[in-house]
1. Select from segment 320-341 the residues that are in a loop (DSSP other than H, G, I, E, B) and free of Cβ contacts under 8 Å to residues at least 60 places away in the same chain and list them in ascending order.
2. Looking at Glu179, is it in contact (Cβ under 8 Å) with a residue 24 or more places away in the chain, more than 24 Å from Ile79 (Cβ to Cβ) and in a helix (DSSP H, G or I)?
3. Would you say Leu362 is part of a helix (DSSP H, G or I) and without any contact (Cβ under 8 Å) to a residue 12 or more places away in the chain?
4. Going by what's in this entry, would Gly55 be described as within 22 Å of Pro457 (Cβ to Cβ), in contact with a helix residue (DSSP H, G or I) (Cβ under 9 Å, 6 or more places away or on another chain) and surrounded by 15 or more Cβ atoms within 10 Å (Cβ to Cβ)?
5. Pairs only if they're at least six apart or on different chains, beta carbon under 7 angstrom, first in segment 97-112 and closer than 20 Å to Gly34 by Cβ, second surrounded by fewer than 24 Cβ atoms within 10 Å (Cβ to Cβ) and at pLDDT below 90; list them, first residue then second.
6. Residue check: is Arg305 free of Cβ contacts under 8 Å to residues at least 40 places away in the same chain and in contact with a Pro (Cβ under 8 Å, 6 or more places away or on another chain)?
7. Determine which member of the set Gly571, Gly636, Gly662, Gly675 is out of contact with any strand residue (DSSP E or B) (no Cβ under 8 Å at 6 or more places or on another chain) and not in a helix (DSSP H, G or I).
8. Do we find a residue being in contact with a Gly (Cβ under 6 Å, 6 or more places away or on another chain), modelled with pLDDT under 90 and of a type outside the set (Gly, Ala, Ser) anywhere in segment 342-354?
Amino acid sequence: MSVSTLAQGLELAASDRVVVGVVAVVALAALAIGYMLLREVLAAGQGTSKMQDIGRAVQEGAAAYLNRQFRTLGVFVVIVFVLLFALPADDMIERIGRSVFFVIGAAFSATIGYLGMWLATRANIRVAAAAREQGGREKATRIAFRTGGVVGMFTVGLGLFGAALVVLVYAGQAPKVLEGFGFGAALLAMFMRVGGGIFTKAADVGADLVGKVEQGIPEDDPRNAATIADNVGDNVGDCAGMAADLFESYAVTLVAALILGTAAFGLQGLLFPLIVPAIGVVTAVMGVYITKAREGENTLKAINRSFYISAVFAGALSIVAAFLYLPSSFGALVNPTDDSVTSLTADPRIIASVAVVIGIVLAGVILWLTGYFTGTEDKPVKDVGRSSLTGAATVILSGISIGFESAVYTAIVIAAAVYGAFLLSGSIVVSLFAVALAGTGLLTTVGVIVAMDTFGPVSDNAQGIAEMSGDVEGDGVDILTELDAVGNTTKAITKGIAIATAVLAATALFGSYRDAITKALDKAGVALQDAGSAFAYEVFSPNTLVGVIIGASVVFMFSGLAINAVTRAAGAIVFEVRRQFRSNPGIMEGTVRPEYGRVVDICTRDSLRELATPGLLAIFAPIAVGFGLGVGPLAGYLAGAIATGVLMAIFLANSGGAWDNGKKLVEDGNHGGKGSPAHEATVIGDTVGDPFKDTAGPAINPLIKVMNLVSVLIAPAVVAFSVGDSASAPIRIGIAIVAVLIIVSAVVVSKRRSTSLTETPAESAVG
């Protein structure tokens, strides 16, 4: 029986509704705890009036950008809402629910992103102020981490509440409706990741190239017109973008688990994936509150310790939940939609427990691996710092090699987790559910993961505000420098964990993709084995290999477009900052205030116009392959995108993180310190790494899931056109051609777009 026959059978009993109701209450409790943490953060001191003035400028710029971005993205949401409504569905209830919850998923993702930005722009001055006080290190760390805790609790709260609400309302149809919920979350997150990433790195690169390299002034010197835009960018890119990204990871992984759980474990499989994240709420609260650095201890060790403790508790509680809730045999399951699983002799409780533990262990291993390759205390980053003695070229080469090497190890670890979950049973349906459960296990730690991620930009901004205001001295400066370096590592760690969730969710969604095809073929009265070459999944089939190649190519194209967008936008910033230094010498003398608003406006304009092309590529490439080549090549396309995506994302994130912390090492006084040739070399390396780690790399995570969900959603329509009469073939080919034309047009427009990357002889003499 197909997974999609859910609508025909499963109904929630009163006891089941109680379970879902408890999960919903836990989700609401997470929101309440998040609100308590928010009040605690806002109660902290805000420092001097000068610090508050700088903070307000950052707040205004970030809010203005996100408001304009949401107005732009509103057009995409309306268009996709209509398209989703037009796609095939079992009945009108499912069709309406899928489109409505697409909007809800997008709204939740936007809400999480906006909250991350709003609070981070208020916490940064409080962290800077705390560093000036007695016991400043502990206070600053607590404020920064609990700021992330607020966003983490809202992430798990909204994600879990949305999923529980769908299950309560739609019961057996919930997985199909949740496809829309996950797609909305993923689509908004991808756009916010790309747009915010372009904004933040355009400002960062422009500020570094003119300020540090050409003028020889500090990174956050108030004389640099790009400093406010740089701080704004940290919030709209790292806080808003990453918060939305981790929310969609949470939502999409739940979608995959609920879809496959019903086939593998029946009604218990529909509900158990809700119980596991509910346990994650408890462990997230514990992880946030126990984070405290001991005397003389590196802050990163304290954060890692909290993560590992909360992960152990999450694993133990998940095992208890599995043995209390699930039956001891598959024969005792309530209405699995795949009848073949009832004959399995394995214990469902053990399979579920081990799968969840695999995901939790995967998160811990990635945390360690990423920390090793990007942390300032370990050999790889020390090697990057040492390479600065021979110039920028060797800095770049060492960072690239670290990115390549770390990508291999991380990909192998993720693959081992997927394969381990796959081996837990002899059934492909149960194995795919186990992979999805591994994803939910990993996300039991998502509250702490979001806290770790937000910690980074808040600390970075705090250091910037301290430097711009000049009101933090002595030990306070050292405290903020340490927290900034730790934040670089925690950001890299969360990016690694986010891409791991993408792989687990995408692998699990393959089951839903195949089911959608099988159901559509059943409706057409055609068996899968008789459907023809367009439906072939064999890896040695030439059309499948073509799909693999195209999928891998899209990841490269997407990354190239994102990095090129930063290049153009950063070029505009460089010329604007040079213009201000040249036209008004009083800026360099400190007697005239730079025009910060002009740089913020340029970043906003360029990032919003640049985000459309990567977004259109992500949506229309699967449509072009599916309608043009068939569902078999589309399966190959997804495989190629996942394999290449995980390697590319880790490579970009870790090489960028290593360059950034290599620069921090030199700035701490190693290899000549600030102002030395070694420092200039690491600044160039960091500049190259900025769009790697904060634009292209993290955007690949939602890209993979957007493409998977688009494929799942269009699969029935592709099948309907592929097995219909000959009159439907021109329509199918026409859709593919239109999709290709949209992609080509968007890319051509993007390549031809100019930010006047030329300068006059007078400009070239500035510096």
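The values are calculated or read from the model by the stated rules, or taken from the named source; none is laboratory data. Quick caveat, the model's predicted, so the values are computed rather than measured. Cβ atoms come from the backbone with ideal geometry, glycine included; neighbour counts cover every protein chain shown.
1. Those that are in a loop (DSSP other than H, G, I, E, B) and free of Cβ contacts under 8 Å to residues at least 60 places away in the same chain: Pro327, Ser328, Ser329.
2. Judged against the criteria, Glu179 is not a match.
3. no
4. It is true that Gly55 is within 22 Å of Pro457 (Cβ to Cβ), in contact with a helix residue (DSSP H, G or I) (Cβ under 9 Å, 6 or more places away or on another chain) and surrounded by 15 or more Cβ atoms within 10 Å (Cβ to Cβ).
5. Matching pairs, first to second residue: Ala110/Phe70.
6. The answer is no for Arg305.
7. Gly675
8. So far as segment 342-354 goes, yes, one or more of its residues are in contact with a Gly (Cβ under 6 Å, 6 or more places away or on another chain), modelled with pLDDT under 90 and of a type outside the set (Gly, Ala, Ser).
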